[in-house]
Amino acid sequence: MTHDAWLPIPLDEFTDLPEGLNYLFWDGDQEFPGDPADCAVYVVPYMKRQDVKVRPLVGMRNVRLIQTLTAGVDDMIAALDRIAPGVPLCNARGVHEASTAELALALTLASLRGIPGFVRAQQQEHWQSGFHQALADKSVLIVGYGAIGAAVEDRLVPFECARVARVARSGRASARGLVHPLTELPNLLPEADVVILSTPLTDTTRGLVNAEFLARMKDGALLVNVARGPVVDTKALLAELESGRLTAALDVTDPEPLPAGHPLWQAPGVLISPHVGGPTSAFLPRARRLVVEQLNRYMNREPLRNVILTTGSTDN
């Protein structure tokens, strides 16, 4: 039986790891800390390229748990054909909600209130006053109402929005009201002043925000993306930005990282942050708590949290 657990957080930062596993630190270095075949629990390095994160998988013939420290797991799912059946892949639900929701609100406010223009004016020592949009009295549509979408709405509450509408893959009731199914999205888009994307990247959501989606948004609306870059058709978004009909605030892009010279950098009405929804001071304490809890559940043969799929399962 294999007993190694690869952790991307230095071992001396933990005080309560369960006994019974041989803990090895690996944060994506070229050299592996041990034989991948001896790894039972793989906690995937955070903020590394996909090729780095999936590199050891081919040798992990006996892995029993793969735990990411990200909310999205699309990059790992693409490489799971290397893993034997029956291995759970778990995400980091509970780690990133606060930070990502904060950024969604910050991008929304910065875009509406013209903060990027103030920064440019300050650099030129130019006093640039004028009227700007407020979030108050706006209608907001949250597309992707999971843990992050709900956290976004929690932070919208004090801002006196006229309405907050919610969309998820399937309709349901929530503590704050009705969650509409994705099929109702076309009817909701024309009513929204701000559309916030917080949906995972799946076959259904890839390219969801296409030319048709954008055309249904009202004139002057703001698109905020804290989900994944490929949820949005970049070419279609560029056309709307360059026409001046829509504005956007993007923490994620397609391609990503956005290369120098890409037209999105200079498009009018766009604010870009470099995929920083998760990496804040709130990350490490939450990530450590999740890792310790999952390791305890694994060692005690208890149900794991945040299971996204199990390899080889037809129910995925």
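Please treat every number below as a calculation from the coordinates, not as lab data. Given the structure is predicted, the values throughout are model-derived calculations rather than measurements. Methodologically, a virtual Cβ is constructed for each residue, glycine included, from the backbone with ideal geometry; neighbour enumeration extends over all protein chains shown.
Among the residues of region 116-153, write down those that are touching a residue at least 12 places away in the same chain (Cβ under 8 Å) and exposed (fewer than 15 other Cβ atoms within 10 Å of the Cβ).
G130, H132, A134, A136, D137
Taking only region 62-88 into account, find how many residues are farther than 20 Å from R301 by Cα and touching a strand residue (DSSP E or B) at 6+ places or on another chain (Cβ under 9 Å).
Counting residues in region 62-88 that are farther than 20 Å from R301 by Cα and touching a strand residue (DSSP E or B) at 6+ places or on another chain (Cβ under 9 Å) gives 6.
Under 24 Å from the mean Cα position of the chain (by Cα) and under 21 Å from G269 (Cβ atoms), is that true of S139?
Yes: the conditions hold for S139.
Select the helices (runs of 4 or more DSSP H) contained entirely in region 168-272, then report the ones holding at least 1 residues which are of a type outside the set (A, V, I, L, M), buried (at least 18 other Cβ atoms within 10 Å of the Cβ) and in contact with a Leu (Cβ under 9 Å, 6 or more places away or on another chain).
Filter on region 168-272 gives 211-216, 234-243.
In region 27-84, how many residues are more than 24 Å from the chain's Cα centre (by Cα), under 25 Å from P279 (Cα atoms) and surrounded by 15 or more Cβ atoms within 10 Å (Cβ to Cβ)?
Here the count works out to 1.
Of these, E240, E160, E184, E191, which one is more than 17 Å from the chain's Cα centre (by Cα), charged (D, E, K, R) and on the phi > 0 side of the Ramachandran plot?
E160
Could you go through region 274-282 and let me know if any residue there is assigned to a helix (DSSP H, G or I) and under 20 Å from D16 (Cα atoms).
Scanning region 274-282 turns up no residue that is assigned to a helix (DSSP H, G or I) and under 20 Å from D16 (Cα atoms).
When you check T100 against the structure, is it touching a residue at least 40 places away in the same chain (Cβ under 8 Å), crowded, with 22+ Cβ neighbours inside 10 Å and in contact with a strand residue (DSSP E or B) (Cβ under 6 Å, 6 or more places away or on another chain), yes or no?
No: the conditions fail for T100.
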